[in-house]
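Below: one structure, written as structure tokens.
The values are calculated or read from the model by the stated rules, or taken from the named source; none is laboratory data. Keep in mind that this is a model prediction, so the values were computed, not measured. Please note: Cβ atoms are built from the backbone with ideal geometry, for glycine as well, and neighbour counts cover all protein chains shown.
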Amino acid sequence: MTRADSSRQIGLARALSKLGFCSRSKAVDLIHAGRVNLNGGICRNPEAPVRSECDRIEVDGQGVTARAKVYLMFNKPRGVVTTASDEKGRETVYAYLDALPWVAPVGRLDKASEGLLLLTNDSEWAARVLAPETHLAKIYHVQVSTVADAGLIESISRGVRTDDGRFLRAKSVQILRGGEKNTWLEIVLDEGRNRHIRRLLAQLGIDVLRLLRVAIGPLGLGKLPKGASRPLTDADKQALDRAMGQEAAPGPGHRDWTSASGEGTTSEDADDRRRSRRFASRKGARV
């Protein structure tokens with residue numbers, strides 16, 4: 001958290017999220033349950049104003065301080081849901097993660113989708129990754145239930161208006177390979193709406209057989225095995241920051257989580273809707 005961030009007041013639930021303790025929604029639950037103390041007294045107001053540099057926050061009697069920033073990449077398997085818990089008892093991405101500080105998905109992949117998913121406890125960084133104004137490309141390999149031709153490619157690129165009035169398009173699309181009954185496409189998005197690719201193709205009468213996210217900006221999935229995760233390296237994080245037009249130097253809270261994940265090293269929601277409306281502790285876009 002920068003000096004400017006720490007000097008201004010923010011809501012208590014948001015403060016817990018910015019400190020990396022838990023998601024904002026989880027913080028609201030903790031506060032309503034009377035488990036959070038602010039300056040020595042129980043506080044049940046999630047919007048109670050807090051200045052992190054002078055106010056003392058405790059959860060279950062334990063002081064809360066800023067957590068080291070954690071940035072992970074995960075190869076999500078098909079059939080796994082992108083949530084901390086599921087009311088239907090379905091397997092979640094957290095079943096695949098080793099013991100780490102709280103992290104939240106950066107956006108979402110729906111149950112039937114697979115591939116690259118970022119997770120972090122840095123809510124502001126996650127909001128920037130997802131913000132449309134960064135134009136950070138997300139690359140997908142999509143198997144469709146038809147033999148694609150130039151007309152289909154043009155239609156995907158031109159875009160469609162859905163039944164609810166939303167306009168969906170791809171930044172670019174190309175044919176990767178084809179068979180007698182189906183085709184693999186590479187589709188690039190620079191914005192993300194809920195089930196963007198599936199709804200776009202459905203409007204064109206095309207079924208999606210498989211959908212894999214293979215890259216976010218300069219960060220590729222590479223050979224990371226299905227169901228595996230690793231911390232972002234310094235180079236990974238800096239490349240993503242540069243692609244978003246950010247300062248690429250690692251932050252002071254960065255920590256090496258090699259011992260927890262067994263692989264790699266790492267460098268270092270929402271009152272302002274533009275910055276945090278898409279953070280995954282709330283409802284993120286799925287594809």
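Being of a type in the set (Ser, Thr, Tyr) and at pLDDT 95 or above is the filter here, so list the residues in region 116-144 that pass it.
First pass over region 116-144, keeping only residues of a type in the set (Ser, Thr, Tyr): 120, 123, 134, 140.
Hit for region 116-144 is Tyr140, nothing else.
The set of residues in region 166-212 that are of a type in the set (S, T, N, Q) and within 23 Å of the chain's Cα centre (by Cα) comprises Ser172, Asn194. Please specify each residue of region 153-164 satisfying the condition of being buried (at least 16 other Cβ atoms within 10 Å of the Cβ) and either in a loop (DSSP other than H, G, I, E, B) or touching a Leu at 6+ places or on another chain (Cβ under 7 Å) (or both). Listed by number, the residues that qualify are Ser155, Ile156, Val160. Being surrounded by fewer than 15 Cβ atoms within 10 Å (Cβ to Cβ) and either of a type outside the set (A, V, I, L, M, F, W, C) or under 22 Å from Thr233 (Cα atoms) (or both) is the requirement here; does Gly107 meet it? In short, no.
With the structure loaded, tell me whether Glu124 is over 16 Å from Glu191 (Cα atoms), outside the structural domain of Leu185 (by TED's automatic domain parsing), buried (at least 17 other Cβ atoms within 10 Å of the Cβ) and out of contact with any strand residue (DSSP E or B) (no Cβ under 8 Å at 6 or more places or on another chain) or whether it fails that test. Criteria met by Glu124.
Please tell me if Val142 is closer than 25 Å to Gly205 by Cβ, of a type in the set (A, V, I, L, M, F, W, C) and touching a helix residue (DSSP H, G or I) at 6+ places or on another chain (Cβ under 9 Å).
Details: closer than 25 Å to Gly205 by Cβ: yes; of a type in the set (A, V, I, L, M, F, W, C): yes; touching a helix residue (DSSP H, G or I) at 6+ places or on another chain (Cβ under 9 Å): yes.
Yes: the conditions hold for Val142.
Reported count of residues in region 226-240, each being among the acidic types (Asp, Glu) and closer than 14 Å to Leu118 by Cα, is 1.
Here is a yes/no grid of residues against (1) of a type in the set (S, T, N, Q); (2) touching an Asp or Glu at 6+ places or on another chain (Cβ under 7 Å):
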site	(1), (2)
Val80	no, yes
Asp110	no, no
Glu133	no, no
Ala137	no, yes
Ala148	no, no
Leu152	no, no
Thr162	yes, no
Ser172	yes, no
Thr183	yes, no
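When the residues of region 165-194 are narrowed to those that are out of contact with any helix residue (DSSP H, G or I) (no Cβ under 9 Å at 6 or more places or on another chain) and farther than 18 Å from Ala148 by Cβ, which ends up surrounded by the fewest Cβ atoms within 10 Å (Cβ to Cβ)?
At the first step, the residues of region 165-194 found to be out of contact with any helix residue (DSSP H, G or I) (no Cβ under 9 Å at 6 or more places or on another chain) are 165, 167, 176-182, 184, 186, 188, 194.
Filter once more, keeping what is farther than 18 Å from Ala148 by Cβ: 165, 167, 194.
Values: Gly165: 6, Phe167: 10, Asn194: 14.
Result: Gly165.
Please pick out the residue among Ala248, Ala235 that is in the same structural domain as Ala84 (by TED's automatic domain parsing) and modelled with pLDDT of 65 or more. If you could, list the steps in order and put the result at the bottom.
Values: Ala248 fails: modelled with pLDDT of 65 or more.
When all the criteria are applied, what remains is Ala235.
Residues in region 76-114 that are of a type in the set (Gly, Ala, Ser) and closer than 24 Å to Ile139 by Cα: Gly79, Ala104, Gly107, Ala112, Ser113.
Residue check: Lys111 meets all listed conditions (1) in a strand (DSSP E or B); (2) more than 28 Å from Lys18 (Cβ to Cβ) but one, namely (1).
Hey, can you tell me all the residues within region 178-194 that are more than 23 Å from Ile216 (Cβ to Cβ) and of a type outside the set (Ser, Thr, Tyr)? Correct list: Gly178, Gly179, Glu180, Lys181, Asn182.
If you go through region 10-58 and keep only what is surrounded by fewer than 13 Cβ atoms within 10 Å (Cβ to Cβ) and at pLDDT below 90, you end up with Arg51, Glu53, Cys54.
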